[in-house]
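These notes are about the structure you will find just below.
The values are calculated or read from the model by the stated rules, or taken from the named source; none is laboratory data. These figures come from a predicted structure and were not determined experimentally. In this analysis, Cβ positions are derived from the backbone assuming ideal geometry, glycine residues included, and neighbour counts consider all displayed protein chains.
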Amino acid sequence: MDAGATLEFPAEGRDAVLCLHGLTSTPYEMRPIVEALAAQGVHVVAPRLLGHGSRPECLAHTRWTDWLASARQAFDRLAATHERVYVVGLSMGALLALVLAHDRGARCAGLVLMGTPLTLDLRTQMVLRVVRRLPFMDALPLMEKSDGPDVSDAGVAAAMPSYDRVPLVAAASLVDAQRAARECLGRLRTPTLVLHGRNDHVAPVDNARRLMAALRMPIKRLVVYPRSWHILPLDVESESVVHDTVEFIDSLRAAPAPAPCSRETQA
């Protein structure tokens, strides 16, 4: 099996979950969550977003709207056969999840947002903003990843099927995705679980608190994992991340209108 291929576990019933991976990565990083949800009898899909899981050069021909189109297509396919669709997004996938929830309205029954990069680390954010203004942006080379995937276990990082180079032109479009996601925040009413690693080097943990402050839905919860980095489903607190995700979605499936909840929890 292609380690970076789309993951899908079909199931009967009214509920389905869409899982969205991050930039330069693949559905592999969502596998623990996909398998746990599938074990609950939920139809789960983690699509390989356009330009990913092949060669870095393929990603250079895509932008955030292309990745959003992949997510929309997968969501609409699930919504055509299921009454309720929940969306779980990691990193760039979390930005897509926010826009998707805004676009699809009540058809999105719940959100789980992991490592949401409303802003990146300062240096990266500044580089991407400069790149976007260059007249020859499309001709820029691919940038080598110096540190690999942002996960604390080196063995896990080495095993991940992700690109070791990043097309700057594609990465720069993430700035537009951030803007689009931020514009959606105050309008969303979808029940939301926000998960973040305290030691996230890609999207500093302050992103999670900014996200919680901007969200206006009555049902929202924040969990910060004290030992985790950016790729929560594969890091050292993976079991807790999977448990919290499944528990949140199960609570929405069982009780469409639970009591409002807005608090921060230390894992």
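How many residues are surrounded by 16 or more Cβ atoms within 10 Å (Cβ to Cβ) and either modelled with pLDDT of 90 or more or farther than 30 Å from A213 by Cα (or both) if we restrict to region 115-139?
Total satisfying the criteria: 4.
If a residue has to be in a helix (DSSP H, G or I) and either closer than 14 Å to V112 by Cβ or not aromatic (F, W, Y) (or both) to count, how many in region 1-34 make the cut?
Number satisfying all stated conditions: 7.
Which condition number in (1) at negative phi; (2) modelled with pLDDT of 95 or more is the one that S91 fails?
(1)
Does at least one position in region 226-242 carry a residue that is surrounded by 17 or more Cβ atoms within 10 Å (Cβ to Cβ), under 17 Å from the mean Cα position of the chain (by Cα), outside any helix (DSSP H, G or I) and hydrophobic (A, V, I, L, M, F, W, C)?
Checked against the condition, which is being surrounded by 17 or more Cβ atoms within 10 Å (Cβ to Cβ), under 17 Å from the mean Cα position of the chain (by Cα), outside any helix (DSSP H, G or I) and hydrophobic (A, V, I, L, M, F, W, C), region 226-242 yields at least one hit.
Taking the stated definitions as given, is V223 closer than 26 Å to P27 by Cβ, in contact with a Lys or Arg (Cβ under 6 Å, 6 or more places away or on another chain) and either of a type outside the set (K, R) or buried (at least 16 other Cβ atoms within 10 Å of the Cβ) (or both)?
In short, no.
Condition first: touching a helix residue (DSSP H, G or I) at 6+ places or on another chain (Cβ under 6 Å), surrounded by fewer than 23 Cβ atoms within 10 Å (Cβ to Cβ) and farther than 23 Å from D200 by Cβ. Now tell me which residues in region 7-44 satisfy that.
Residues satisfying the conditions are L7, F9.
For region 150-179, enumerate the residues that are among the aliphatic types (A, V, I, L, M), assigned to a helix (DSSP H, G or I) and surrounded by 18 or more Cβ atoms within 10 Å (Cβ to Cβ).
Answer for region 150-179, where residues must be among the aliphatic types (A, V, I, L, M), assigned to a helix (DSSP H, G or I) and surrounded by 18 or more Cβ atoms within 10 Å (Cβ to Cβ): A157, L168, V169, A170, A171, A172, L174, A177.
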